[in-house]
Amino acid sequence: MNPALLGLVPAFPLFGAILIALLNRKASRVVAGGIATLMVSMSAALSFWTLATLWSSHGALESLHHRLYEWISVGGVQVDIAFLADPLTAVMMCVVTGVGALIHLYSVGYMDDPADAQSTWRFFAYLNLFVFAMLLLIMGDNFLLMFVGWEGVGLCSYLLIGFWYKNTDFAKAGKKAFITNRVGDFSFLIGLFMLFWALGDQATLSFVELKGTLVAQPELVGGHGGTLVTAIALLLFGGATGKSAQIPLFVWLPDAMAGPTPVSALIHAATMVTSGIYMISRLSFLFAMAPVAMGVIATVGALTALFAATIAMTQTDIKKVLAYSTVSQLGYMFLGVGVGAFTAGFFHVVTHAFFKALLFLGAGAVIHAMHHEQDMRKMGGLLSKMKITGGTMLVAWLAIIGFPGTSGFFSKDEILWLTFAADPAQLALFGPEFPLPKLLWIIGAITAAMTAFYMSRLVFMTFFGAHRGGHGHDDGHGHHDDAHGHGHGHTPHEVSPLMWAPLAVLALLSLGGGLLNLPHWIHVEGLTGALHHFLEPVFAAAPMSFDGADSSLELPLMGLTLLMILTSVFIAWYLYVRNPGDLVQTKDELVPDLLYRGSLHKWWVDELYEATLIKPIVLVSRQVLWAVVDAELVDGAVNGAAKAMRRISEVYGELAQTGRVQTYAMVLAAGTAVIVFAFAVGG
């Protein structure tokens with residue numbers, strides 16, 4: 001493959017966004033959607049060609065690189081508009097464009113509401129722009145180009161989450177995502193500035209050059225385990241907690257459900273939320289130098305996975321359950337990269353993209369068929385009415401709970417096993433002797449059981465039992481099933497092929513995605529550890545040891561986790577299928593009311609932030625920054641100067657402005673004479 005073609009990968013969706021924007025309202029849903037889907041599909045074709053080129057070289061070709069032009073050159077530091085495609089980038093490119101193309105195709109069928117007819121061009125332009133920004137983030141060969149894409153996905157998420165901006169709550173959700181990410185981005189920038197400062201004369205923004213510099217001279221950032229490199233790693237991780245929705249900056253992601261369902265699929269599966277994991281993987285050589293930071297990353301990931309799972313247990317909005325599921329699964333990914341299992345964590349990024357995109361698109365199909373109803377309590381029995389959608393979502397359910405043989409089974413269990421096997425000295429958060437890896441494994445295993453319960457609950461409430469719907473509902477952004485806001489009582493039916501065809505493809509990937517990286521105990525030539533071998537050159541500079549673990553425990557631990565998962569599925573089946581009438585009584589007997597209400601109200605985290613952060617900031621902004629600093633000091637100085645000049649004019653105006661032409665002429669002549677004299681004296 002000619003490296004010059006790399007530039008076309010992000011160029012196609014950018015061109016699509018510009019073309020659709022120029023066509024504006026002249027582009028119908030089919031035209032705008034067709035252009036957008038075609039552009040991303042062409043990027044996908046080039047992405048898979050790139051992956052095939054690198055994969056077929058068997059390590060002989062480490063990367064493809066293409067420099068477009070010099071962007072900035074200041075003080076010996078040069079930044080280019082250039083693209084790098086190594087094994088890590090190539091896999092990510094295929095995930096973003098491949099899954100993204102399926103989501104675009106699905107959107108053509110989904111965005112068929114007549115009320116949206118005048119704005120679908122805007123929707124597809126934003127989708128293409130989103131893919132462009134994400135490709136810029138992952139393909140840029142330097143920090144600055146990555147940061148442009150980093151901010152670009154933040155902007156596009158704001159535009160798409162608040163797509164129905166006439167609804168105040170939806171507009172606020174978009175702003176919440178934008179502002180929360182700015183907090184993380186500030187941390188990211190401070191970390192980048194510290195890194196640049198620490199490198200001194202050898203400062204560079206190129207990833208390749210930075211890797212070579214730090215491997216050869218780790219003392220530039222304080223050496224292995226130094227305070228400086230730890231601070232830099234933690235600040236960069238702060239940026240990842242914003243983009244990838246980890247504690248404490250996870251609060252924006254559940255509210256991202258305000259956008260159309262394809263947006264949720266794009267954000268949660270293929271693009272924005274994976275950028276934090278990608279950044280840590282790209283800088284694995286830096287993070288591996290900071291054991292304390294690695295311990296923090298793994299701990300935050302495990303706690304986020306558990307915390308989000310506790311909330312998902314009681315949610316009734318089908319998209320909210322999936323949203324908190326995403327937060328939880330992202331926690332697994334951070335747990336993986338945090339313990340040094342970079343390939344395992346990144347492998348879960350890939351498999352999660354398959355089954356989470358399928359879950360969101362499947363949920364969108366259900367919502368579409370249910371006349372915009374999202375409450376699972378008003379669903380039920382849909383499997384017989386939506387066989388393709390239901391069947392594909394059952395596949396995604398098996399994958400996300402980690403049923404043996406599915407893609408999620410291979411990626412999740414590898415993370416759990418390598419967490420258990422990690423060396424405590426490499427996660428020096430509480431000291432080298434503290435058994436942090438074992439504790440994190442326990443949290444991960446409990447979370448896996450909780451995931452199996454709430455996802456089984458979602459599937460059973462939606463597709464099994466008696467149908468509890470029957471009426472259409474307002475969809476939340478002002479659209480109704482008829483002019484009076486009442487449903488027609490239509491029986492839910494299967495969606496169009498434009499919508500179920502992507503579901504079928506994603507179902508195949510969710511089932512077979514594990515073949516990309518079969519574990520060592522399954523011996524298949526060319527497939528066992530394939531992704532590990534492919535990514536080995538990328539992570540070679542970040543060696544993390546798992547040699548001290550007893551490999552004989554791997555399968556027993558996996559069996560224990562599987563037993564917990566199957567138990568959770570059985571409990572969910574008993575409560576929601578076998579004896580649904582006993583649900584309230586069972587809840588009251590087994591779950592304390594405070595715990596249930598806490599989970600239902602998302603542990604009041606938003607309310608806590610509102611009381612401790614937002615209201616004080618608003619109060620200080622209004623009462624001090626505006627009322628005192630702006631109104632009194634700034635406006636006072638400006639208005640005071642104006643008042644002073646007016647007073648001077650009033651006092652001396654009568655002397656200067658006589659109204660006599662002769663006086664003005666005499667003053668003009670005198671002034672001219674003074675100027676001429678000054679020039680003459682000055683030579």
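The values are calculated or read from the model by the stated rules, or taken from the named source; none is laboratory data. Computed from a prediction, not measured in an experiment: that's the story for all the values here. When we count neighbours, we look across all protein chains shown, and the Cβ atoms used for this are built from the backbone with ideal geometry, even at glycine. Accessible surface areas use protein heavy atoms only, side chains included; no ligands, DNA or RNA. Shrake-Rupley method; radii C 1.70, N 1.55, O 1.52, S 1.80 Å.
Using 0.36 nm per residue and subtracting the Cα-Cα separation, the extra length available between residue 438 and residue 681 on full extension is 78.5 nm.
In sequence order, the range 626-639 has phi-based couplings of 8, 5, 9, 5, 6, 5, 8, 7, 5, 5, x, 5, 5, 5 Hz under the Karplus curve 6.51 cos²θ - 1.76 cosθ + 1.60, θ = phi - 60°, and Gly or Pro positions carry x.
Gap in Å between the Cα centre of the range 275-340 and the Cα centre of the range 1-21? Using only Cα atoms to place each centre, the spacing works out to 31 Å. The figure for residue 325 is an accessible area of roughly 0 square angstrom, using a 1.4 Å probe on the protein chains alone. Of the listed values [x] 44, 27, 25; [y] 51, 28, 24; [z] 49, 34, 27, identify the label whose number matches semi-axes √(5λ) of the Cα gyration tensor in Å calculated from this model. Given [x] 44, 27, 25; [y] 51, 28, 24; [z] 49, 34, 27, the structure-derived one carries the label [z]. Between the range 217-262 and the range 177-214, the alpha-carbon centres lie 12 Å apart. Model label points for residue 430 and residue 610, set 7 angstrom from Cα along the Cα-to-Cβ axis, are 3.5 nm apart. Along the axis of the charge dipole computed for the chain (Cβ charges of +1 for Lys and Arg, -1 for Asp and Glu, origin at the Cα centre), the listed residues 28, 343, 283 are led at the positive end by 28.
Helix 120-139 and the long axis of the chain differ in direction by around 90°, with both axes built from C-alpha atoms. Proximity of backbone amide H atoms, modeled 1.01 Å from N, is registered between residue 402 and 409 at under 5 Å, excluding neighbours fewer than 5 places apart on the same chain.
Taking amide H positions as modeled 1.01 Å from N, with prolines and chain starts lacking one, the residues under 5 Å from residue 290 and 5 or more places away or on another chain are 225. Suppose R0 equals 45 Å; then what is the FRET efficiency for residue 530 and residue 385 from their Cβ-Cβ distance, rounded to the nearest 0.05? The computed FRET efficiency comes out at 0.70. Taking 23 Å as the limit for the C-alpha separation, the pairs 166/385; 166/602; 176/320 exceed it in the case of 166/385; 166/602. Can you compute the FRET efficiency between residue 551 and residue 596 using 1/(1 + (r/R0)^6), with r the Cβ-Cβ distance and R0 = 41 Å? Round to the nearest 0.05. Approximately 0.50, to the nearest 0.05. Quote the charge dipole size of the chain about the Cα centre in Debye, to the nearest 20; the model charges only the Cβ of Lys and Arg (+1) and of Asp and Glu (-1). About 1320 debye.
May I ask you to list the residues of the range 276-301 whose amide nitrogen lies under 18 Å from a point 7 Å from Cα along the Cα→beta-carbon direction of residue 215? Counting only backbone N, you get 280-290. Rounded to 0.05, the FRET efficiency of the residue 73 and residue 5 pair, given R0 = 35 Å and the Cβ-Cβ distance, is 0.85. Modelled label positions at residue 578 and residue 38, each set 7 Å beyond Cα in the direction of Cβ, lie 5.5 nm from each other. The order of 352, 493, 523 by accessible area, most exposed first and with a 1.4 Å probe, is 523, 493, 352. Heavy-atom accessible surface of the range 586-683, averaged per residue, reaches 84 Å², computed with a 1.4 Å probe. Computed with a 1.4 Å probe over protein heavy atoms only, the accessible surface of the range 391-464 comes to 27 Å² per residue.
A DSSP coil position with no more than 16 other Cβ atoms inside 10 Å describes the following trypsin sites (Lys or Arg not before Pro) in the range 612-683: 660. With both residues required to sit in the chain, DSSP beta bridges show an antiparallel share near 90%. Within the chain, what's the longest stretch lacking GluC sites (Glu not before Pro) that sit in DSSP loops with no more than 14 other Cβ atoms inside 10 Å? Looking at the chain, 63-432 is the longest stretch - no exposed GluC sites (Glu not before Pro) with at most 14 other Cβ atoms within 10 Å.
Backbone phi angles across the range 242-252, fed through the Karplus curve with coefficients 6.51, -1.76 and 1.60 (θ = phi - 60°), yield HN-Hα couplings of x, 5, 9, 6, 10, 4, x, 9, 7, 5, 6 Hz in residue order; Gly and Pro are listed as x.
Here is how the number arises for the chain: DSSP H runs of 4 or more residues each give -39500 (n - 2.57), the sum is divided by the residue count, and the result at 222 nm is -21000 deg cm²/dmol.
The label-point distance for residue 377 and residue 643, in a model that sets each label 7 Å from Cα toward Cβ, rounds to 6.0 nm. Annotation: per residue accessible area for the range 198-338 equals 19 Å², rounded to a whole number [probe 1.4 Å, protein chains only]. Only protein heavy atoms count here; on that basis, with a 1.4 Å probe, residue 538 has an accessible area of about 10 Å². Given a 1.4 Å probe and the protein chains as shown, residue 594 ends up with an accessible area of around 110 Å². What a 1.4 Å probe finds exposed on the chain is 68% carbon and sulfur by accessible area, rounded to a whole percent.
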